[in-house]
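Notes follow the structure.
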Number of protein chains: 2
Amino acid sequence: MSDRKRVVIVGAGFGGMSAAKKLAGKNVEVVLIDKRNHHLFQPLLYQVATADLSPAEIAWPTRSIFSRSSNVSVFMGEVTGIDLTQQRVLSGDHHLDFDYLILATGAVTSYFGNDHWAALAPGLKNITEATDIRKNLLLAFERAENSEDEDQKRRLLNFVVVGGGPTGVEMAGAIAELAKKALSEDFRRIDPRDARILLVEGGDRLLGAFPQSLSDYTRQSLEGLGVEVRLGSPVSDITEQGVKIGDEFIPAANVIWGAGVQVPDLKDWVQKPSDRGGRIIVEPDLSVPDHRNVFVIGDAAHVAWRDGLAVPGIAPAAKQQGKYVARRILDIMNGRSIPDFKYSHAGNLATIGRHRAVIDLNGFKLKGWLAWWFWGLAHIYFLIGIRAPALVMVQWVWSYLFRKKGARLITGQDKDNARAVVPPANQKAG
Amino acid sequence: MSDRKRVVIVGAGFGGMSAAKKLAGKNVEVVLIDKRNHHLFQPLLYQVATADLSPAEIAWPTRSIFSRSSNVSVFMGEVTGIDLTQQRVLSGDHHLDFDYLILATGAVTSYFGNDHWAALAPGLKNITEATDIRKNLLLAFERAENSEDEDQKRRLLNFVVVGGGPTGVEMAGAIAELAKKALSEDFRRIDPRDARILLVEGGDRLLGAFPQSLSDYTRQSLEGLGVEVRLGSPVSDITEQGVKIGDEFIPAANVIWGAGVQVPDLKDWVQKPSDRGGRIIVEPDLSVPDHRNVFVIGDAAHVAWRDGLAVPGIAPAAKQQGKYVARRILDIMNGRSIPDFKYSHAGNLATIGRHRAVIDLNGFKLKGWLAWWFWGLAHIYFLIGIRAPALVMVQWVWSYLFRKKGARLITGQDKDNARAVVPPANQKAG
């Protein structure tokens, strides 16, 4: 037995993982809790949804990443609350004591008060959602191929993506490439190139965090891929049949939501001020006010930055914060002190289909295929940090660059899949 | 419009695919129907169940395989019956006319009359079953890690595989390697090497279709991997709590069924004699008695062979039959005639873990690592036939040979996964 302090980390996303890695091998006991058994490389999740990559290519079992770090325990479980006075993490009737706590619980999809839209327009935050979207996208083409009804066919081949941020742009571009390229020769009774892909944004431009010129380029590129971009078009309703944009109703079997995120639970747990997205407003050292041993990082934290803005909810920010709080905890234990957290913003990236991207590196703008390669290399660089073996990385690059056909599997309950599918026409050709 | 004859193929397994490939580009209209959208390389399905491979590594969208074959249409749909008089395939209220029909519907798991065991002891016939087994295997270790109850822990770490044929042998070996090797360093409160893996067989030896010496070798090899082999042990009951073998009750959270198969529906559809597994007893040209334009192939057919035996239900047999009936149909149309189907038996193969296999090539016996490499090369050879691009094949071999960590993801409904999981002990170490 030892008198080592225990650091509990809730959440195995980019923030929680980078804190745990920094604390691995140090003289502390680390307990990492997540309700899933894997760390997800979320920036590529849209490629699972559009059947370009398999889940196992962008997710790794959390505990295998720490198998050689004997001071790190990984637990799969759901945290239901925090007792800050007694320094305990709660999970139903059970609890776990901590000396230091890092809350890296992330964000979930926000429907801005229309929670009933969740079932009609799934977001893209975890593997199950991504494979469900994949299944529904692919089933739409299968059902259209089998359908005799022109209205039904039209509805099946209309795809609406809500939200013009990076997620919406990436999804719309990838669906367009799926329909217009990957699937283009596979059907006999429909032409997948007839699919209509709409990207709907309430604001007056795409990629609001980027310079105007890159927003314009993104719009033109998407239109070149065959995406209809609708700006200034807030969604007013979503039903089983489709989407209402202003007064126009667009029938669509697939609506995908990429319009916003919020932080659940956390403000109830810590009982401290949060912003309107539910992010906890933390101190300059990322601690919760009045609790210098409790930290919030990543998408769950509101960290002041510049021009009145908060640090953006992107992977590099979460990683920097994870590393910072790990160091901060070690320094408190050692009686040293480090300066407040300072976010270093490298830039914003977004891809538009397979060979185009836009990048804004603090004013240095890049677009087109060169930006796409930069985007690819940046992601490889981040992947190295997660998954050490070089062989595995080479495999990933390989499969991403060279695989044409991808992971176009429809899996899940057979009954559900086959039920709505009718056989081909009963007329014999001839 | 043309006067081309229509060949309808039901089932996109090895038999149906090889018939469709043979007919691709010929002067016939081919319609291939399957309730799933993918062709599955079933011999490696157990590796999905034990988290060695991802679904997309052993399954490919059926229609993409025929994208360049304009005379082949692929439909995802469920066949509900056959009208032999009117020459129609039925699907609910719809129907599809045929001139020639190839029934390649395959087999499903048989519980020998105990159908309620299906929910307690899943078989291994499709991707959904494989990923469900994978999830439950991995969750058992997660739950054992979180458990404070020794009995519950024991039950979670007991794995019972029923059936000593190739599927049972492969599953038991792969679960042993998962527990004793891949997972061995990943947990802190349990030792996955304590897992108990039982392989239960009613007969007096494993791999009944192989020579006795290879059966003995297989048993010794499995025992070397830490598998308890129970011969002459028919299962008398399966409950939520575990398995009853004779009078002994073995608590087990995971029971996997690899004991038998049967052919559903087909004998009702064609109203002709079948064997006790439901396989249709076909003519020497694989046609259904009295219907020279309707053929049954693969696992669904009982084809007389030698020594009173039927052709075995293995992939090479189904492929030979698919090719044969395709040629037969072309010859009937051209007024030629070909000899009756003759099965060419190359041999039997089974793997025992990652570096051992047994092979019986018509009396020439091979075992150990050399057999394993032979097994690997044989599978690569078959894969070439399915998935043309060499790059993709290299990737498969690569990932199979070099990937250590595999696809150990727990996906599916979050609520179900996390609910039964409690957090770690509330005592602080120290």
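The values are calculated or read from the model by the stated rules, or taken from the named source; none is laboratory data. Keep in mind the model is a prediction, meaning the values are calculated, not measured. Please note: Cβ atoms are built from the backbone with ideal geometry, for glycine as well, and neighbour counts cover all protein chains shown. Surface areas here come from the heavy atoms of the whole protein model, side chains and all, with no ligands, DNA or RNA. Shrake-Rupley method; radii C 1.70, N 1.55, O 1.52, S 1.80 Å.
Computed from the C-beta positions of residue B:27 and residue B:244, the FRET efficiency with R₀ = 51 Å rounds to 0.30. Listed peptides B:103-113, A:239-249 appear in the order B:103-113, A:239-249 once ranked by packing, highest mean of other Cβ atoms within 10 Å at the front. The other copies place their residue B:220 label points at 7.4 nm from this one, listed shortest first, where each point is 7 Å from Cα along Cα→Cβ. With all protein chains in place and a 1.4 Å probe, the accessible surface of the range B:1-129 carries 46 percent carbon and sulfur. Placing unit charges on each Cβ (+1 for Lys and Arg, -1 for Asp and Glu) gives the range A:279-343 a dipole about its Cα centre, and among A:325, A:294, A:284 the Cα reaching farthest toward its positive end belongs to A:325. Amide H contacts for residue B:71 (H built 1.01 Å from N in the peptide plane; partners 5 or more residues away or on another chain; cut-off under 5 Å): B:25. Taken residue by residue and averaged, Cβ atoms of other chains lying within 10 Å of the Cβ of B:60-68 number 5. Nm distances between the label at residue A:362 and the same-position labels in the remaining copies, 7 Å along Cα→Cβ, shortest first? With the label placed 7 Å along Cα→Cβ, residue A:362 yields 7.3 nm.
Calculated from DSSP H runs of 4 or more alone, at -39500 (n - 2.57) each and per residue, what is the 222 nm mean residue ellipticity of the protein assembly as shown, nearest 500?
Numbers: 24 runs with 264 residues, N = 860.
Roughly -9500 deg cm²/dmol at 222 nm, from the helical runs in the protein assembly as shown.
Ranked from shortest, the separations from the 7 Å Cα-to-Cβ label point of residue B:114 to its equivalents in the other copies are 5.3 nm.
Counting only other chains, what is the mean number of Cβ atoms within 10 angstrom of the Cβ of each residue in peptide B:118-129?
On the way: counts 0, 0, 0, 0, 0, 0, 0, 0, 2, 4, 5, 1.
Averaged over the peptide's residues, the number is 1.
Helix A:315-333 and the longest principal axis of the C-alpha atoms of chain A enclose an angle of approximately 10°.
Of all DSSP beta bridges located in the protein assembly as shown, what percent are antiparallel, nearest 5? Walk me through the intermediate numbers first.
On the way: 64 of 128 bridges.
DSSP beta bridges in the protein assembly as shown are roughly 50 percent antiparallel.
Cβ-Cβ distance of residue A:112 and residue B:304, R₀ of 60 Å, FRET efficiency by 1/(1 + (r/R0)^6): the value works out to about 0.30. Sequence-ordered 3J(HN,Hα) estimates for the range B:38-48 from the Karplus curve with 6.51, -1.76 and 1.60 and θ = phi - 60° stand at 9, 8, 10, 7, 4, x, 9, 4, 4, 6, 6 Hz, glycine and proline given as x.
Quote the charge dipole size of the protein assembly as shown about the Cα centre in Debye, to the nearest 20; the model charges only the Cβ of Lys and Arg (+1) and of Asp and Glu (-1). Don't jump to the answer; show the numbers that get you there.
Values: 104 positive and 94 negative charges, 554 e Å.
Roughly 2660 debye for the protein assembly as shown.
Could you work out the local net charge near residue B:218, counting Lys and Arg as +1, Asp and Glu as -1, over the other residues with Cβ closer than 13 Å to its Cβ? Every neighbour counted, the sum reads 0. Checking every one of the GluC sites (Glu not before Pro) in the range B:58-162 against DSSP loop status and a limit of 16 other Cβ atoms within 10 Å picks out B:148. Computed from phi, the 3J(HN,Hα) profile of the range A:57-72 under the Karplus parametrisation 6.51, -1.76, 1.60 (θ = phi - 60°) reads 7, 10, 8, 9, x, 3, 5, 6, 5, 10, 4, 8, 9, 5, 8, 10 Hz, with x in place of Gly and Pro.
Using Cα pairs under 8 angstrom and six or more residues apart, how large is the relative contact order of the range A:113-259, in percent?
Details: 255 pairs, mean separation 47.0, N = 147.
Dividing the mean separation by the residue count of the range A:113-259 yields 32 percent.
Label-to-label distance, residue A:132 versus residue B:327, with points set 7 angstrom from Cα along the beta-carbon direction: 5.0 nm.
Using r as the Cβ-Cβ distance of residue B:194 and residue A:268, and R0 as 45 Å, what FRET efficiency do you calculate, to the nearest 0.05? Display every interim value, and only then the final one.
Values: r = 40 Å, r/R0 = 0.89.
Given R0 = 45 Å and the Cβ-Cβ separation, E is 0.65.
At 1.4 Å probe radius, can you tell me the per residue accessible area of the range A:113-259 in Å²? All intermediate terms of the calculation are to be shown ahead of the outcome.
Details: 5530 Å² over 147 residues.
On a per-residue basis, 38 Å².
Residues whose amide H lies under 5 Å from that of residue B:236, counting only those 5 or more places away or on a different chain, are B:244, B:245, B:246; hydrogens are built 1.01 Å from N in the peptide plane. Note down the net charge around residue A:118, summing +1 for each Lys or Arg and -1 for each Asp or Glu among other residues with Cβ under 13 Å from its Cβ. Value of the local net charge: -2. Among beta bridges identified by DSSP and lying wholly in chain B, the antiparallel ones come to about 50 percent.
Label zone of residue B:93 (point 7 Å out along Cα→Cβ, amide N under 14 Å): in the range A:129-150 this covers A:148-149. Among A:257, A:60, A:269, the largest mean-square fluctuation in a Gaussian network model of chain A, built with springs joining Cα atoms closer than 10 Å, belongs to A:269.
Of all residues in chain A, the one whose Cβ lies closest to the rotation axis carrying A onto B, together with that distance in whole Å, is A:54, 2.
For the cross-link pairs A:135/B:244; B:125/B:244; B:35/B:244; B:35/B:181; A:135/B:267; A:180/B:135, which exceed 31 Å when the distance is taken from alpha carbon to alpha carbon? Result: A:135/B:244; B:35/B:244; B:35/B:181; A:135/B:267; A:180/B:135 exceed 31 Å. To the nearest ten degrees, helix A:127-146 and the longest principal axis of the Cα atoms of chain A are 0 degrees apart.
Can you give the accessible area buried between chains B and A, summed over both chains, with a 1.4 Å probe, in Å² to the nearest 100?
Working: alone 21080 and 21050 Å², together 35440 Å².
Answer for the B-A pair: about 6700 Å² buried.
If the only charges are +1 at each Lys and Arg Cβ and -1 at each Asp and Glu Cβ, what is the size of the charge dipole of the range A:113-259 around the Cα centre, to the nearest 20 debye?
Dipole size: approximately 280 debye.
For chain A, what is the charge dipole size about the Cα centre, in debye to the nearest 20, if Lys and Arg each add +1 at the Cβ and Asp and Glu each add -1 at the Cβ?
Values: 52 positive and 47 negative charges, 307 e Å.
In debye, rounded to 20, chain A gives about 1480.
Near residue A:274, the amide H atoms lying under 5 Å from its own belong to A:281; only residues 5 or more places off or on other chains count, and H is placed 1.01 Å from N.
When the charge dipole of the protein assembly as shown is built from unit charges on Cβ atoms (+1 for Lys and Arg, -1 for Asp and Glu) and taken about the Cα centre, the candidate among B:61, A:9, A:202 whose Cα reaches farthest toward its positive end is B:61.
Determine which residues of the range B:1-29 fall in the zone a paramagnetic label at residue B:70 would reach in this model, i.e. backbone nitrogen under 16 Å from the point 7 Å along Cα→Cβ. Counting only backbone N, you get B:1-4, B:24-29. Here's the picture: charge each Lys and Arg Cβ at +1 and each Asp and Glu Cβ at -1 in the protein assembly as shown, and of A:308, A:263, B:252 the one pushed furthest to the positive end of that dipole is A:308.
If you take every DSSP beta bridge whose two residues both sit in the range A:113-259, what share of them, in percent to the nearest 5, is antiparallel? Walk me through the numbers before you get to the answer.
Values: 7 of 20 bridges.
Here the antiparallel bridges make up roughly 35 percent for the range A:113-259.
In sequence order, the range A:81-89 has phi-based couplings of x, 9, 10, 6, 5, 8, 6, 9, 9 Hz under the Karplus curve 6.51 cos²θ - 1.76 cosθ + 1.60, θ = phi - 60°, and Gly or Pro positions carry x.
Using the Cβ of residue A:373 as centre and a radius below 15 Å, the other residues enclosed give a net charge of +3, where K and R count +1 and D and E count -1. GNM remark for chain B: springs join alpha carbons under 10 Å apart, and the peak mean-square fluctuation among B:334, B:27, B:146 falls on B:334.
Dividing the alpha-carbon Rg of chain A by 2.2 N^0.38 Å yields what?
Numbers: Rg = 23.0 Å, N = 430, 2.2 N^0.38 = 22.0 Å.
Against the empirical 2.2 N^0.38 Å value, I get 1.04 for chain A.
For the set A:216, A:290, B:52, the ranking by accessible area, highest first and with no ligand, DNA or RNA atoms included, is A:290, A:216, B:52 under a 1.4 Å probe.
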